[in-house]
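Trainee: If you scroll down you'll find the structure; I have some questions about it.
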Amino acid sequence: MGEHRSPLLGRPGAVEAAGPDRGVAAHYGDPVREQRALVRVPGTVVDLSHKGVVTVGGPDRLSWLTTLSSQVLTGLEPDRGTETLFLSVQGRIETAPHVVDDGATTWLLTEADETAPLVAWLQSMRFALRVEIADRTDEWAVLGSTGPVPGVEGVAWRDPWPQVAPGGWSYALLDGPHPGEERTWYERLVPRADLARITEDLPLAGSWAAEALRIAAWRPRWGTETDEKTIPHELDLLRTAVHLAKGCYKGQETVARVHNLGHPPRRLALLDLDGSEHGLPAAGSPVLAGERTVGRVTSVQLHHEEGPIALAVLKRSVDPAAALVVADGEDRWAAAQQVIVAPDAGQVVGRRQDGFLRGPRGTRP
């Protein structure tokens, strides 16, 4: 399976995205208007046809995936969206598919760059179990939306973020509702051959619009917020992708040790960037406290209400009140930090009673 360049790039005004969204449109001429439409105009869709689609069939599929991954998928109800992580022995995130089951087949929706490694690894772990793994990306395309799409039915993954899943745990430091609480997000499967026809009369928004809404909701994404060292705790992914009471799986020891006894070495934060500067810094730009590099920008976009915002992964030791600057070449952006994962998150021992970290049904006292 090679990279797919969407036929919707032929639509008027389409400008192709770069990086992880290469192959689809960043926008169609007016990204801020498209972002408002994505929130307010029913039926607006985002072309995500560059994403991968992997299926796992067979009667053992859900129990098998449960043994391999961080989430309990056995008994997953049809059409209920969830997500899981496949970790290294050191507990680092290797792949992070979005998961939905239709009652007969489990569908794993992936980023383009994680598809082939995931398929290869799953194939290597089949053994004698009754499972069938296939890369279906050549057959199926993905459309994103914030609600129902007229005329588009079939398999759809609904993002569970930011609800705390059974067995999960919130690492977010909150004084009120989670900023992603009002966000709804669907990824719908349509036949790739019919993509142009299905979307012919639908309003389109580019990937920039979807990214702005994702960043504002503190929603991490594989391949942008993750690197070769990322563990789930750093991104608050124990809330939706990890079941802390499930049986053994690769990487579980690290997950349990950091959660119960330690702290993640890095932490996700949202940065409000100085809107008086021209343009936006590139993803990967260093975050500075004084002259010291303390992290990197992972995703950045212009939000239609909040202005320029970014997600960044920072060193755990960075003072939440520190004055931060994002540097991109000679350009500088002052950055106000919103804490997502707090510096002392992760040490559950001795912290349960004061409510600093919330369990699946916990509330702040």
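The values are calculated or read from the model by the stated rules, or taken from the named source; none is laboratory data. Not measured: the values here are computed from a predicted model. Note that each Cβ is placed from the backbone with ideal geometry, even for glycine, and that neighbours are counted across all protein chains shown.
Trainee: Give the residues of region 174-201 that are closer than 23 Å to residue 303 by Cβ, in contact with a Pro (Cβ under 9 Å, 6 or more places away or on another chain) and not basic (Lys, Arg), sorted by residue number. Steps first, please.
Mentor: Applying the first criterion (closer than 23 Å to residue 303 by Cβ) to region 174-201 yields 174-187.
Narrowing the set further to residues that are in contact with a Pro (Cβ under 9 Å, 6 or more places away or on another chain) leaves 178-181, 183, 186.
If the condition is that a residue be closer than 23 Å to residue 303 by Cβ, in contact with a Pro (Cβ under 9 Å, 6 or more places away or on another chain) and not basic (Lys, Arg), then 178, 179, 180, 181, 186 are the ones that fit.
Trainee: Oh, and also: Can you find even one residue in region 243-259 that is touching an Asp or Glu at 6+ places or on another chain (Cβ under 6 Å) and not polar (S, T, N, Q)? Full working, then the answer.
Mentor: Initially, region 243-259 is screened for residues touching an Asp or Glu at 6+ places or on another chain (Cβ under 6 Å), giving none.
Checked region 243-259: no residue is touching an Asp or Glu at 6+ places or on another chain (Cβ under 6 Å) and not polar (S, T, N, Q).
Trainee: Does region 20-34 contain at least one residue that is at pLDDT 95 or above, among the charged types (D, E, K, R), in contact with a His (Cβ under 9 Å, 6 or more places away or on another chain) and more than 18 Å from residue 111 (Cα to Cα)?
Mentor: First, the residues of region 20-34 that are at pLDDT 95 or above: 20-34.
When the remaining residues are screened for being among the charged types (D, E, K, R), the result is 21-22, 30, 33-34.
Filter once more, keeping what is in contact with a His (Cβ under 9 Å, 6 or more places away or on another chain): 21-22, 33-34.
Next, only the ones that are more than 18 Å from residue 111 (Cα to Cα) stay: 33-34.
Yes, region 20-34 contains a residue that is at pLDDT 95 or above, among the charged types (D, E, K, R), in contact with a His (Cβ under 9 Å, 6 or more places away or on another chain) and more than 18 Å from residue 111 (Cα to Cα).
Trainee: Follow-up question, since we're still on this one. What number of residues within region 1-25 are part of a loop (DSSP other than H, G, I, E, B) and closer than 25 Å to residue 95 by Cβ? If you could, list the steps in order and put the result at the bottom.
Mentor: Looking only at region 1-25, we keep the residues that are part of a loop (DSSP other than H, G, I, E, B), and these are 1-6, 11-14, 17-18, 22-24.
Next, from what is left, pick out any that are closer than 25 Å to residue 95 by Cβ: 1-6, 17-18, 22-24.
Number of matching residues: 11.
Trainee: Given the conditions (1) of a type in the set (Phe, Trp, Tyr); (2) more than 18 Å from residue 46 (Cβ to Cβ); (3) in contact with a strand residue (DSSP E or B) (Cβ under 8 Å, 6 or more places away or on another chain), report the number of the one that residue 127 does not fulfil.
Mentor: Going through the list (1) of a type in the set (Phe, Trp, Tyr); (2) more than 18 Å from residue 46 (Cβ to Cβ); (3) in contact with a strand residue (DSSP E or B) (Cβ under 8 Å, 6 or more places away or on another chain), residue 127 breaks only (3).
Trainee: Taking region 143-177 on its own, how many of its residues are in contact with a helix residue (DSSP H, G or I) (Cβ under 8 Å, 6 or more places away or on another chain), hydrophobic (A, V, I, L, M, F, W, C) and farther than 29 Å from residue 199 by Cβ?
Mentor: Total satisfying the criteria: 1.
Trainee: Which helices (runs of 4 or more DSSP H) does region 170-277 wholly contain that include 2 or more residues that are under 28 Å from residue 88 (Cβ atoms) and more than 16 Å from the chain's Cα centre (by Cα)?
Mentor: Values: elements: 195-198, 207-216, 252-261.
By residue number, 252-261.
Trainee: Before we move on, is residue 217 among the hydrophobic types (A, V, I, L, M, F, W, C), touching a Lys or Arg at 6+ places or on another chain (Cβ under 7 Å) and either over 25 Å from residue 153 (Cβ atoms) or outside the structural domain of residue 41 (by TED's automatic domain parsing) (or both)?
Mentor: Details: among the hydrophobic types (A, V, I, L, M, F, W, C): yes; touching a Lys or Arg at 6+ places or on another chain (Cβ under 7 Å): yes; either over 25 Å from residue 153 (Cβ atoms) or outside the structural domain of residue 41 (by TED's automatic domain parsing) (or both): yes.
It is true that residue 217 is among the hydrophobic types (A, V, I, L, M, F, W, C), touching a Lys or Arg at 6+ places or on another chain (Cβ under 7 Å) and either over 25 Å from residue 153 (Cβ atoms) or outside the structural domain of residue 41 (by TED's automatic domain parsing) (or both).
Yes/no matrix, rows are residues, columns are (1) in contact (Cβ under 8 Å) with a residue 24 or more places away in the chain; (2) small (Gly, Ala, Ser):
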| site | (1), (2) |
| --- | --- |
| 205 | yes, yes |
| 212 | yes, yes |
| 228 | yes, no |
| 247 | yes, yes |
| 275 | yes, yes |
| 280 | yes, no |
| 291 | no, no |
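Trainee: Consider residue 246 carefully, then state whether it is crowded, with 17+ Cβ neighbours inside 10 Å and of a type in the set (Lys, Arg).
Mentor: On the way: crowded, with 17+ Cβ neighbours inside 10 Å: yes; of a type in the set (Lys, Arg): yes.
Yes, satisfied.
Trainee: On to the next question. Do we find that residue 175 is surrounded by 22 or more Cβ atoms within 10 Å (Cβ to Cβ) and under 26 Å from residue 340 (Cβ atoms) in this structure? It would help to see each step written out before you state the result.
Mentor: On the way: surrounded by 22 or more Cβ atoms within 10 Å (Cβ to Cβ): no; under 26 Å from residue 340 (Cβ atoms): yes.
Spelling it out, it is not the case that residue 175 is surrounded by 22 or more Cβ atoms within 10 Å (Cβ to Cβ) and under 26 Å from residue 340 (Cβ atoms).
Trainee: Related question: Just to check your reading of the model, which residue among 92, 158 is farther than 30 Å from residue 265 by Cβ, assigned by TED's automatic domain parsing to the domain that holds residue 185 and among the basic types (Lys, Arg)? Don't jump to the end; show me each part of the working.
Mentor: Working: 92 fails: farther than 30 Å from residue 265 by Cβ.
Matching residue, one of 92, 158: 158.
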